[in-house]
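The next block holds one structure in the form of structure tokens; read it before the comments.
The values are calculated or read from the model by the stated rules, or taken from the named source; none is laboratory data. Just so it is clear, the structure is predicted and the values come from calculations on it, not from any experiment. Note that each Cβ is placed from the backbone with ideal geometry, even for glycine, and that neighbours are counted across all protein chains shown. These area figures cover heavy atoms from the full protein model, side chains too; ligands, DNA and RNA do not enter into them. Shrake-Rupley method; radii C 1.70, N 1.55, O 1.52, S 1.80 Å.
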Amino acid sequence: MLASTTSAQRVVLRARYCVTEILGRTDRDILRAADMLRAGDLVAFGTETVYGLGADATNGLAVAAVFEAKGRPRFNPLICHYETTDAAFADVVASPLALRLADTFWPGPLTMVLPRRASSHVAMLAAAGLQTLAVRVPAHPVAQRLIAALGRPVAAPSANRSGRISPTSAAHVLAGLDGRIAAVIDSGACRVGVESTVVDLSGAQPVLLRPGGVSFESLQASVASLQRGREGQDQVLRSPGMLAVHYAPNAPVRIDVTNVRWNEALLAFGPPLPGSAVVFQLSETENLNEAGAKLFEGLHWLDAQAAALGLAGIAAMPVPEHGLGLAINDRLKRAAAA
Ligand code: TXA
Ligand code: MG
């Protein structure tokens, strides 16, 4: 009985698994990646924030495959990526504020949640059945060329298994999704390194749902009334992705550490605390942009070191709560909540 169940499961699994191709940045490879997307397959690609796991946003089956490949809960909606502001605002109703933010921050690491237009061809599953849609115009040339070649919006969450650390290299993507997706485009490193800032403009008050690559301060310069969004239930309901446990390495993480234990790997910001044999430096000069760009690389690397050396965990030094520090601390807090 048990044996027959197991073999039935194997058949299903085999059908879902595939050989993941590693593509380059040539026109030929980008066109091939676009063909794969058009056929309903999944392709991971670089953006200036993190690597995205792309699907043709208008193909419900392809979007469903994204949730499956990541092991992502179906209630957590995806961001749709566009080549231009005009294309994005064809799918959502843009307020005057949204137009201004697009002018200032697109292409770039800002995602806006806006009311979805009835005429939009984006699959309902992409927004997990919500009446809103999260839209973004990425700045990375590979992302732009891929979306242009497809000629449709690309739905893309970060290209990691659900709850795990976001990828900032093709190698990170493969570590989590090899055999579960058709291809990854090796797009080089990600300039920003943390995910886009998500603002909800669909209600009466603009709300910051996720701190990210556009700093709160620079957003506030454009949106004086911007609210930080309360931690907890309210935020979870508005942005279902903001669950406390997220970005989790396998090793336990301690944050705001001023005293590192001998058997911990250290995530340093500025002069490293003495006492750890394994150190990853986010920024020697305490530059928050540099630290953001290296954060996930550091967590991936320290996690591998901790496993290889049998260390007890990862200790992260304090990072100031301004500029990109907001996003960095948000991700570290979630890594530590695991
Ligand atoms: O930088 C990024 O944003 C990367 C790259 C690939 O663009 N993408 C990314 O996607 O981080 P993901 O799925 O890991 O995070 C998307 C976040 C989640 O917290 C999700 O809940 C929220 O955006 N979100 C998406 N659609 C939403 C909606 N309609 N309303 C509220 N929140 C939404
Ligand atoms: Mg993610």
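Listed values, structure above:
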{"read-out": "Global size of the stretch 166-219 as Cα Rg and Dmax, reported in angstrom", "value": "15.3, 44"}
{"read-out": "Size of electric dipole in the chain: Cβ of Lys, Arg +1 and of Asp, Glu -1, about Cα centre, debye, nearest 20", "value": "900 debye"}
{"read-out": "FRET E, pair ARG261, ALA118, Förster distance 45 Å, beta-carbon r, rounded to 0.05", "value": "0.20"}
{"read-out": "For the stretch 24-87, the spread of Cα positions along each principal axis, largest first, Å", "value": "35, 25, 22"}
{"read-out": "Amide proton proximity set for VAL253, modelled H, under 5 Å, gap of 5+", "value": "ILE314"}
{"read-out": "Whole-number percent relative contact order across the chain, with pairs defined as alpha carbons under 8 Å at least 6 apart", "value": "19 percent"}
{"read-out": "Heavy-atom accessible surface of the stretch 74-196: percent carbon and sulfur, 1.4 Å", "value": "55 percent"}
{"read-out": "Computed P(r) (all Cα pairs; the stretch 119-183; 5 Å bins; percent)", "value": "3, 14, 19, 21, 24, 15, 3, 1"}
{"read-out": "Candidates CYS18, CYS190, CYS80: whichever shows maximal mean-square fluctuation once the chain is modelled as a Gaussian network with Cα springs under 10 Å", "value": "CYS18"}
{"read-out": "Extension gain, GLN131 back to ARG74 (0.36 nm per residue minus Cα-Cα distance, nm)", "value": "19.0 nm"}
{"read-out": "Compactness of the stretch 66-114, expressed as Rg and Dmax over alpha-carbon positions, Å", "value": "13.0, 37"}
{"read-out": "ARG228 versus ALA307: modelled label distance in nm, points set 7 Å from Cα along the beta carbon direction", "value": "3.5 nm"}
{"read-out": "Span-like helix ranges in the chain, DSSP H, alpha carbon extent 15 angstrom or more, Kyte mean at least -1.0", "value": "2-16, 27-38, 60-70, 288-309, 325-336"}
{"read-out": "Simple Cβ-charge dipole of the stretch 239-338, Lys/Arg +1 and Asp/Glu -1, about Cα centre, in debye nearest 20", "value": "260 debye"}
{"read-out": "Highest-fluctuation residue, VAL93, VAL137, VAL253 considered, GNM on the chain with Cα pairs under 10 Å", "value": "VAL93"}
{"read-out": "Theoretical ellipticity at 222 nm over the chain - DSSP helices of four or more residues, -39500 (n - 2.57) apiece, nearest 500", "value": "-10500 deg cm²/dmol"}
{"read-out": "Accessible heavy-atom area order of THR26, THR20, highest first, probe of 1.4 Å", "value": "THR26, THR20"}
{"read-out": "Span from the the stretch 266-325 Cα centroid across to the the stretch 171-197 one, whole angstrom", "value": "20 Å"}
{"read-out": "Probe 1.4 Å - accessible area at ASP178, Å² to nearest ten", "value": "90 Å²"}
{"read-out": "Cα-Cα separations in the stretch 55-187 greater than 23 Å, expressed as whole percent", "value": "31 percent"}
{"read-out": "GNM top mover of LEU110, LEU125, LEU42 - the chain, alpha-carbon springs below 10 Å", "value": "LEU125"}
{"read-out": "Cα Rg over Rh - the chain, Kirkwood", "value": "0.97"}
{"read-out": "Theoretical gain in end-to-end length, ALA337 to GLU321 [0.36 nm per residue, Cα-Cα removed]", "value": "3.9 nm"}
{"read-out": "Accessible area (Å², per residue) of the stretch 37-77, counting only protein heavy atoms and a probe of 1.4 Å", "value": "28 Å²"}
{"read-out": "Label-to-label distance, nm, for residues given as SER95 and ALA221 (7 Å Cα→Cβ offset)", "value": "2.2 nm"}
